[in-house]
Amino acid sequence: MEPRAAPSPASASWFTATATPMPIACCKRWRKELDLRSCWISDFGAEALGQAKQLVAEGCVALVLPWFPSSSINEVREFVARSPLPPSLPMAIPGLERHCFVDPARFGGGTQRATNLLHAYFQGLGAEHIAFLGPDSPSDTILQKALSAYICRVSRDGAASHCGLVRPGAAAMDQLAERWARLGRGLAIISYDDEHALRFMTAMHKRGLSAPHDFRIAGFNDTEASAFSDPPLSTIPQNFDDISEWLLNNALALGKGSVAQSPGNIMPRLLVRGSCGGRARIDDAFRASLASLGLLQVDGVDSGAAPPPSAPPAPSAVSAAATAAN
């Protein structure tokens, strides 16, 4: 699945990522092995270009940008145009498709599969209203992929769409919680990420409502906070092993003038915790109904009773230099 947030240090051994400053990793061939170098930048201007030139002097031949916010796309585009080394990127940017770690034609496919997985999962649990929650961020490509998958799914099902795109701060989330609370206990929410899911749970707590008794919810990213929320948040983790492998593969290829992009066929996994109230409902038949959408991995124990279904369940910033091509 495509990265929609910076990985934690435990998620990948070859770089450490936070929002700012941004990570840089460099690698070079030495005795047929890759020598990965890491460095940090605060922007993609003169500092990043200076670091890239230093990596060239150290023998690096390509770069990996493990992550950057969608708001930095224009700066990244300019950096790639001026960089002395070809960067491998974590997302598809128009005009820079060959730099993306995944086949651009399939970029966002993992996000769309994951959104469909959660929709089918909640349908199987008998949810009456399935909503989508995320940031008010028009420039976020991954958000657009998730939204399109959600809208297409509810349209095919002839169901009503409930989209809540909120700005930072408690006020916007409180207003959304007030509105969605009226949908009752048949509400299930697909959240763009764990952060928005946890914010929504907090807003509902203010109204005396909690998951999974009054609503169901699941997020993305499997952040540390998701495991320790009350109740623990069900979530789809990112496959950082696959992302980092293909970022490096493409970096190695770009250094030789070619590309090596992921086919983008990794299926998502759902970590079922307390917030979705589904653990007691998962049996072999339920798993089989979702087999084509990926594995359901039960993790943790539900902290409350799930709402009874009112209808029968539906069937159902400069990076890594590399020296060898993939």
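Key figures
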{"item": "Calculated from backbone phi, Karplus (6.51, -1.76, 1.60) coupling profile of region 234-249 in Hz, x at Gly/Pro", "result": "5, 7, 9, x, 7, 8, 5, 4, 5, 4, 5, 4, 7, 4, 6, 4"}
{"item": "Positive-end residue, region 79-195 charge dipole about Cα centroid, Cβ charges, pick of PRO94, ILE151, ALA171", "result": "PRO94"}
{"item": "Centre separation in Å (Cα based) which lies between region 92-129 and region 152-227", "result": "19 Å"}
{"item": "Whole-number percent relative contact order across region 156-255, with pairs defined as alpha carbons under 8 Å at least 6 apart", "result": "22 percent"}
{"item": "Nonlocal amide H pairs with SER234, under 5 Å, H built at 1.01 Å", "result": "GLY219, ARG273, GLY274, SER275, CYS276"}
{"item": "Reach of LYS206 by Cα under 14 Å, taken over aspartates and glutamates that are not fewer than 8 positions away in the same chain", "result": "ASP174, GLU178, ASP214, ASP230"}
{"item": "More than 16 angstrom apart: percent of Cα pairs within region 180-242", "result": "40 percent"}
{"item": "Region 68-213: relative contact order in percent, alpha carbon pairs under 8 Å with at least 6 residues between", "result": "23 percent"}
{"item": "Summed side-chain charge close to HIS205 - residues other than HIS205 whose Cβ falls under 12 Å, Lys, Arg +1, Asp, Glu -1", "result": "0"}
{"item": "Region 92-211: mean projected area of Cα convex hull, nm²", "result": "8.0 nm²"}
{"item": "Amide H partners (placed H, <5 Å) of MET91, local residues excluded", "result": "PHE101"}
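Every read-out reported here was derived from the displayed coordinates using simple, explicitly stated rules and does not represent laboratory data. The structure displayed is predicted, hence computed values, not measured ones. All Cβ positions, glycine included, derive from the backbone under ideal geometry; neighbour counts span all protein chains shown.
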